[in-house]
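Here the structure is laid out as structure tokens; the discussion comes afterwards.
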Amino acid sequence: MKITPLIWPLLLGMCGAASHAADTFLAPELASFAVLSASATTNTNATVLKGNLGVSNNSSITGITGFFGTLANDGPGLAYGSVHQGDSFSSLADFQLNSAKSSLSLLGPGTTLGVDLTGLTLAPGIYTVSAGTSNLTGAVTLDGGGNANAFWVFQMPSTLITSSSSAINLLNTGSGAGVYWNVGSSATLGANSNFAGNVLAQASVTMNSGVNLGCGRALAHTGAVTMIGDTVNAGDCLGTAAAGSFGLSGGLSVSEIGGLPTALAFSPVSPVPETLTYLMLLAGVGLIGLVIQLRPAFGASAFPTSGQAA
């Protein structure tokens, strides 16, 4: 079936209505990484990364282990992106990481919360969370209030620790959203936990077995990143409330590296048609195209003109 040129603008318009390009707070080189460390990046089991993989200060074979496509090339981890080991690109990204942490610190402490975020529903904003045995033993909800450009900044003066099977639920936001965990020392994510956002750790990031960082990044400025059969998605974030957000790297903007961030303007969340709705729309468009294609034939043979016999 051929769709006429008049139909294509309508079809493309419908497909494009559900998404828009997100402004990102993270600089482009840094934002390209799913995982970036300074000293070493290690993995066991089938970790999957959507984004670049790198170590900024170790170009040897020990810099990245447990991934195919690296100098060690020892698997079983897969990185669907480029690998950077001690090169200028990873060094620039590490500089941008440190600058991003400085920018987030300029936002101040915001609202001080208790040690454990479990059971809370948090509107967009800036929060300070003290160190403890666990900062998340259960589930916390981040509710964007219908703002596609919502942001959450968590100032963690010391550590970030989550318990096994804990979860972050992201609601009512969209492709311009951002979540940032500005960690003063090291971050540890519990086994089989569902985490969201960008972990910007001064020292190291440890992800225990089965962590799903479904939308965000694991970034360590001076130490290592350790993984055990985990998933990190710094790209499309499909299946989350922030689909298309490029790893929850929006919500804020800066005019200069290391400068004070400002919030992006409110943008209402656009409803995204369900798959069945899309199929019905496409079927309708196809039917219109078919009618347009067949109409000349019907006009010439099936429908007599005033000069023809009935």
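Grab the strands (runs of 3 or more DSSP E) fully contained in region 186-262, keeping just those with 2 or more residues being of a type in the set (G, A, S), assigned by TED's automatic domain parsing to the domain that holds G125 and closer than 24 Å to T133 by Cβ.
The qualifying strands (runs of 3 or more DSSP E) are 194-201, 212-220.
Looking only at residues in region 223-251 that are farther than 12 Å from T41 by Cα and hydroxyl-bearing (S, T, Y), which one is surrounded by the fewest Cβ atoms within 10 Å (Cβ to Cβ)?
Filtering region 223-251 for residues that are farther than 12 Å from T41 by Cα and hydroxyl-bearing (S, T, Y), the one surrounded by the fewest Cβ atoms within 10 Å (Cβ to Cβ) comes out as T231.
Pick out the one residue from T133, T173 that is in the same structural domain as A93 (by TED's automatic domain parsing), touching a residue at least 12 places away in the same chain (Cβ under 8 Å), part of a loop (DSSP other than H, G, I, E, B) and more than 19 Å from the chain's Cα centre (by Cα).
Going through T133, T173 in turn, just one is in the same structural domain as A93 (by TED's automatic domain parsing), touching a residue at least 12 places away in the same chain (Cβ under 8 Å), part of a loop (DSSP other than H, G, I, E, B) and more than 19 Å from the chain's Cα centre (by Cα): T133.
I'd like to check something: does region 85-105 contain any residue that is among the small types (G, A, S), within 25 Å of S166 (Cα to Cα) and under 20 Å from the mean Cα position of the chain (by Cα)?
So far as region 85-105 goes, no, none of its residues is among the small types (G, A, S), within 25 Å of S166 (Cα to Cα) and under 20 Å from the mean Cα position of the chain (by Cα).
Scanning region 184-206 for residues that are of a type outside the set (G, A, S), in contact (Cβ under 8 Å) with a residue 24 or more places away in the chain and over 14 Å from W152 (Cβ atoms), which turns out surrounded by the most Cβ atoms within 10 Å (Cβ to Cβ)?
Looking at residues that are of a type outside the set (G, A, S), in contact (Cβ under 8 Å) with a residue 24 or more places away in the chain and over 14 Å from W152 (Cβ atoms), I get V205.
How many residues, within region 136-151, are within 16 Å of N194 (Cβ to Cβ) and assigned to a strand (DSSP E or B)?
5
For region 26-109, which fully contained strands (runs of 3 or more DSSP E) count at least 1 residues that are charged (D, E, K, R) and in the same structural domain as V211 (by TED's automatic domain parsing)?
48-50
With the condition kept exactly as written, say whether any residue in region 111-129 is modelled with pLDDT of 95 or more, more than 22 Å from the chain's Cα centre (by Cα), surrounded by 18 or more Cβ atoms within 10 Å (Cβ to Cβ) and assigned to a loop (DSSP other than H, G, I, E, B).
yes
The values are calculated or read from the model by the stated rules, or taken from the named source; none is laboratory data. All figures in this text were calculated on a predicted structure; none of them were measured in a lab. Methodologically, a virtual Cβ is constructed for each residue, glycine included, from the backbone with ideal geometry; neighbour enumeration extends over all protein chains shown.
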